[in-house]
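Enquirer: The following block contains the structure, expressed as structure tokens.
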Amino acid sequence: MESEGVVVFVDGSSRGNPGPSGIGVVIFNNNNLKESIEQLSRYIGITTNNVAEYEALIYALKWLLSNQFFTAEIYLDSELVYKQLMGDYRIKTPHIQTLVNRVRTLLNQFKEVDLQFKPRKENKLANRLAQKASKSHKVAAKSLNQQ
């Protein structure tokens, strides 16, 4: 059975460029933007901010598909990612083109997805989750050193 549509906020964070990176994804039911139905925060390794932004979107799309949400509004705070996906900005590097292709392949599996650009100040929760994830590598490294 297909679920109703959702509203999704995504963000990627890199501490350095490249540096330790994380993603943040917040998913709300279309009818209730006050209480999230899922919050995802993951450390993704050493990479650039642009790659982290794409990986956050890819992670969100995969989560939506696996949970049978085929209609979504997705908000990004990366103007570069948004404009590359809309065809307004050129894609200059092969590794970014690979990420764009992954996003487009995933998008083709949805009934309807509305991608929108939102300034960072309107994407605070996903931003906090991405920043928390990009810092989480320090916690893991510290605990390994204490053993």
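No lab work stands behind these numbers, since they all come straight from the coordinates. Note that this is a predicted model, so its numbers are computed, not measured. Virtual Cβ from ideal backbone geometry, glycine too; neighbours counted across all protein chains shown.
Enquirer: State which stretch of the chain is the longest one without any exposed trypsin sites (Lys or Arg not before Pro), exposure meaning a DSSP loop state and at most 15 other Cβ atoms within 10 Å.
Expert: 1-89
Enquirer: Have a look at the DSSP beta bridges in the range 6-146 and tell me what percent are antiparallel, nearest 5. If you can, show how the numbers build up before the last one.
Expert: Details: 20 of 31 bridges.
So the antiparallel bridges in the range 6-146 amount to around 65 percent.
Enquirer: Using θ = phi - 60° and the Karplus relation 6.51 cos²θ - 1.76 cosθ + 1.60, list the HN-Hα couplings for the range 75-89 in order, rounded to whole Hz, with x at every Gly or Pro.
Expert: So the Karplus estimates, Gly and Pro as x, are 10, 10, 10, 9, 4, 4, 4, 4, 6, 5, 5, 7, x, 7, 10 Hz.
Enquirer: I need the phi-derived Karplus couplings for the range 54-61: 6.51 cos²θ - 1.76 cosθ + 1.60, θ = phi - 60°, integer Hz, Gly and Pro marked x.
Expert: Each residue of the range 54-61 in turn: 5, 5, 4, 5, 4, 4, 4, 4 Hz.
Enquirer: Any idea how far apart Leu33 and Glu4 come out in nm if each label point goes 7 Å out from Cα toward Cβ?
Expert: 1.5 nm
Enquirer: Out of residues 5 or more away from Ile37 or on other chains, whose amide H comes under 5 Å of its own, with H placed 1.01 Å from N in the peptide plane?
Expert: Close amide H contacts, sequence-distant or interchain: Ile27, Phe28, Asn29.
Enquirer: Using 0.36 nm per residue of separation minus the Cα-Cα distance, give me the extension gain between Lys132 and Asn101 in nm, one decimal.
Expert: Gain in length upon complete extension: 8.4 nm.
Enquirer: Taking amide H positions as placed 1.01 Å from N in the peptide plane, with prolines and chain starts having none, which residues 5 or more places from Gly45, or on another chain, fall under 5 Å of its amide H?
Expert: It is Ser21, by chain and number.
Enquirer: Further question on the same structure: May I ask you to derive the relative contact order of the range 6-146, considering only C-alpha pairs under 8 Å and at least 6 residues apart, and to give it as an integer percent?
Expert: On the way: 290 pairs, mean separation 49.2, N = 141.
This gives 35 percent for the range 6-146.
Enquirer: Helix-only mean residue ellipticity at 222 nm, the chain, DSSP H runs n ≥ 4 weighted -39,500 (n - 2.57), per residue, nearest 500. What is it?
Expert: Values: 4 runs with 63 residues, N = 147.
So the calculated ellipticity at 222 nm is -14000 deg cm²/dmol.
Enquirer: Here is a follow-up. For Lys118, list the aspartates and glutamates whose Cα falls under 12 Å from its own Cα; do not include residues on the same chain fewer than 8 positions away.
Expert: Cross-link targets: Asp11, Glu73, Asp77, Glu79.
Enquirer: Follow-up question, since we're still on this one. Name the long-range amide H neighbours of Phe70: under 5 Å, sequence gap of 5 or more, or other chain; modelled H, no Pro or chain starts.
Expert: Ser3
Enquirer: Once the Cα gyration tensor of the chain is found, what semi-axes does its equivalent ellipsoid get, as square roots of 5 times the eigenvalues, in whole Å, sorted largest first? Could the numbers behind the result be given before it?
Expert: Working: eigenvalues 122, 76, 37 Å².
After scaling each eigenvalue by five and taking roots: 25, 19, 14 Å.
Enquirer: Follow-up question, since we're still on this one. Given +1 on the Cβ of Lys and Arg, -1 on the Cβ of Asp and Glu, and no further charges, what dipole in debye does the range 6-146 carry about its Cα centre, rounded to the nearest 20? All intermediate terms of the calculation are to be shown ahead of the outcome.
Expert: Numbers: 19 positive and 12 negative charges, 111 e Å.
With only Lys, Arg, Asp and Glu charged at Cβ, the dipole is about 540 debye.
Enquirer: Quote the FRET efficiency, to the nearest 0.05, computed for Lys92 versus Phe117 with a Förster distance R0 of 30 Å and r equal to the Cβ-Cβ distance.
Expert: E between Lys92 and Phe117, to the nearest 0.05, is 0.90.
Enquirer: May I ask for the net charge around Glu79, where only other residues with Cβ less than 15 Å from the Cβ of Glu79 are counted and Lys, Arg are +1 while Asp, Glu are -1?
Expert: On the way: positive: Lys83, Arg90, Lys118, Arg120, Lys121; negative: Asp11, Glu53, Asp77, Asp88, Glu122.
With Lys, Arg at +1 and Asp, Glu at -1, the net is 0.
Enquirer: Go through the range 111-116 residue by residue and turn each phi into a ³J(HN,Hα) via Karplus (6.51, -1.76, 1.60, θ = phi - 60°); whole Hz please, and just put x for glycine and proline.
Expert: 6, 7, 10, 10, 7, 9
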